[in-house]
Amino acid sequence: MHMADALLAPAVAATMYVASGTAAGISIHKLKKEDDPAKLPTMAVTAALVFAGQMINYTIPGTGSSGHMCGGMLLSALLGPQAGFLSMVVILTIQCLLFGDGGLMALGANIWNMAFYGCFVGYYLIWRPIMQGKLFAGMGAKAGQRARIILASILGCVITLQLGAFSVVIETSLSGITELPFGAFLALMQPIHLAIGLVEGLITAAVLVFVYESRPELLRDVDTSDKAVSAKRSLKATIAILAVVVLVVGGGLSLLASGNPDGLEWALFGNAEEGYSENMGLDEESFGVSSAAADTAGAIQEKTALLPDYAFPESESAVGTSFSGVVGSALVAGVAVLICLAGGFFRKKKAGA
């Protein structure tokens, strides 16, 4: 769902930067009240996991399209909405600048579409109410919690991806892109992202159930008072397992990513080469709106994108993809921790302060 600069008018892009910047500012203010430095390794490894997971496009059968996880629900369930949102900001910014994934002018919109809904709407309206509710209470403490995690993960990912896809349609409409009639574009974007959200929900549920079984206290709003709910692994072992998963996914499984266009690209350009529909049938070389702001942003991005499209420049070597996955994951983890340390987040407050 990473939007290109050509899909936005400068005024719309600027508005989305303000909206995302405001959400980031509020998140920073809220996090200054946190006092648990034990969250730092969890934040580092989960942010890296989401980055690595986004590199794997999974095929949506029968469509000629593919999708990848956004990760907002996963991060907010583990870190809370504010830390989760800032982690997504780090991920999307590094993807944009280092790998050329998504436009620089469109970064504010991409943060809003892919991070805001998953982290804030997904947490406050879906995750927390379900986890604090009494659904599946008759199944027993542990089984009921597990069922609530699965339900909240799937429902949250489906709904928040629908909201993100709808925002893309609204933003392009406000940008005056006449090649994308509102109704037709909406009719393509919503169903494909329904399928993508369902798959992401299953992936998110699998990760969160693993964390619940290993260290239940890492999950937000999970009742750990029942004796039946106990940790199976140490915190270090849990973090180590997740770190290994990051390396396997980013450095290995990323090579198996689907070559089909993602949901947004599929809606715009179709996949006629593989025998599927042309959908909106736009020309990939010339579409949307052009502007001086987009040209400037593109020129900056060309200089910063040292590993364009997650590969070595002008190379199709698989080593470039693996290298991008490992380096990108490590960079995301490191930057997330540095920002927290610089901002004083998750730092024990001094007595009497």
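The values are calculated or read from the model by the stated rules, or taken from the named source; none is laboratory data. Only a predicted model underlies this, so the values are computations on that prediction, with no experimental measurement involved. In this analysis, Cβ positions are derived from the backbone assuming ideal geometry, glycine residues included, and neighbour counts consider all displayed protein chains.
Filter the range 129-177 down to the residues that are among the aliphatic types (A, V, I, L, M), part of a helix (DSSP H, G or I) and touching a residue at least 60 places away in the same chain (Cβ under 8 Å), then identify the one that is nearest to Phe210 (Cα to Cα).
Quick first cut of the range 129-177, residues among the aliphatic types (A, V, I, L, M) only: 130-131, 135, 137, 139, 141, 143, 147, 149-152, 154-155, 158-159, 161, 163, 165, 168-170, 174, 177.
Going one step further and asking which of them are part of a helix (DSSP H, G or I), we end up with 130-131, 137, 139, 141, 143, 147, 149-152, 154-155, 158-159, 161, 163, 165, 168-170, 174.
Now drop any that are not touching a residue at least 60 places away in the same chain (Cβ under 8 Å), which leaves 131, 141, 149, 152, 161, 165, 168, 174.
Values: Met131: 16, Ala141: 16, Ile149: 11, Ala152: 15, Leu161: 23, Ala165: 29, Val168: 33, Leu174: 42 Å.
Restricting to residues being among the aliphatic types (A, V, I, L, M), part of a helix (DSSP H, G or I) and touching a residue at least 60 places away in the same chain (Cβ under 8 Å), the top hit is Ile149.
Identify all residues within the range 189-222 that are out of contact with any Ser or Thr (no Cβ under 9 Å at 6 or more places or on another chain) and either of a type in the set (Asp, Glu) or part of a loop (DSSP other than H, G, I, E, B) (or both); write none if there are none.
Scanning the range 189-222 gives Glu213, Leu219, Asp221, Val222.
Quick one: Ala184 ticks every box in (1) in contact with a helix residue (DSSP H, G or I) (Cβ under 9 Å, 6 or more places away or on another chain); (2) touching a residue at least 12 places away in the same chain (Cβ under 8 Å); (3) of a type outside the set (Lys, Arg); (4) at negative phi bar one, so which box is it?
Here Ala184 clears every test but (1).
Filter the range 6-33 down to residues that are over 22 Å from Leu163 (Cβ atoms) and surrounded by 20 or more Cβ atoms within 10 Å (Cβ to Cβ) and give me whichever is farthest from the chain's Cα centre (by Cα).
By that ranking, first place goes to Ala6.
Under 6 Å by Cβ, and 6 or more places apart or on different chains, what pairs join a residue from the range 314-342 that is in contact (Cβ under 8 Å) with a residue 40 or more places away in the chain with one that is of a type in the set (A, V, I, L, M) and outside any helix (DSSP H, G or I)?
Cβ pairs passing all conditions: Thr321/Ala311; Ser324/Leu307; Gly325/Met55.
Restricting to the range 27-49, what's the tally of residues that are touching a helix residue (DSSP H, G or I) at 6+ places or on another chain (Cβ under 6 Å) and free of Cβ contacts under 8 Å to residues at least 60 places away in the same chain?
2
Using beta carbons and a limit of 6 Å, which pairs, at least six apart or on different chains, have the first residue in the range 62-86 and at positive phi and the second one assigned to a helix (DSSP H, G or I) and not β-branched (Val, Ile, Thr)?
So the pair list comes out as Gly64/Glu274.
Is it true that Leu40 is in contact with a Ser or Thr (Cβ under 9 Å, 6 or more places away or on another chain), closer than 27 Å to Ala243 by Cα and of a type in the set (A, V, I, L, M, F, W, C)?
Working: in contact with a Ser or Thr (Cβ under 9 Å, 6 or more places away or on another chain): no; closer than 27 Å to Ala243 by Cα: yes; of a type in the set (A, V, I, L, M, F, W, C): yes.
Here the answer is no, as Leu40 does not meet what is asked.
Of these, Met105, Met88, Met73, which one is outside any helix (DSSP H, G or I), of a type in the set (A, V, I, L, M), modelled with pLDDT of 95 or more and in contact with a helix residue (DSSP H, G or I) (Cβ under 9 Å, 6 or more places away or on another chain)? Explain how you work it out, then say what you get.
On the way: Met88 fails: outside any helix (DSSP H, G or I); Met73 fails: outside any helix (DSSP H, G or I).
After applying the criteria, what remains is Met105.
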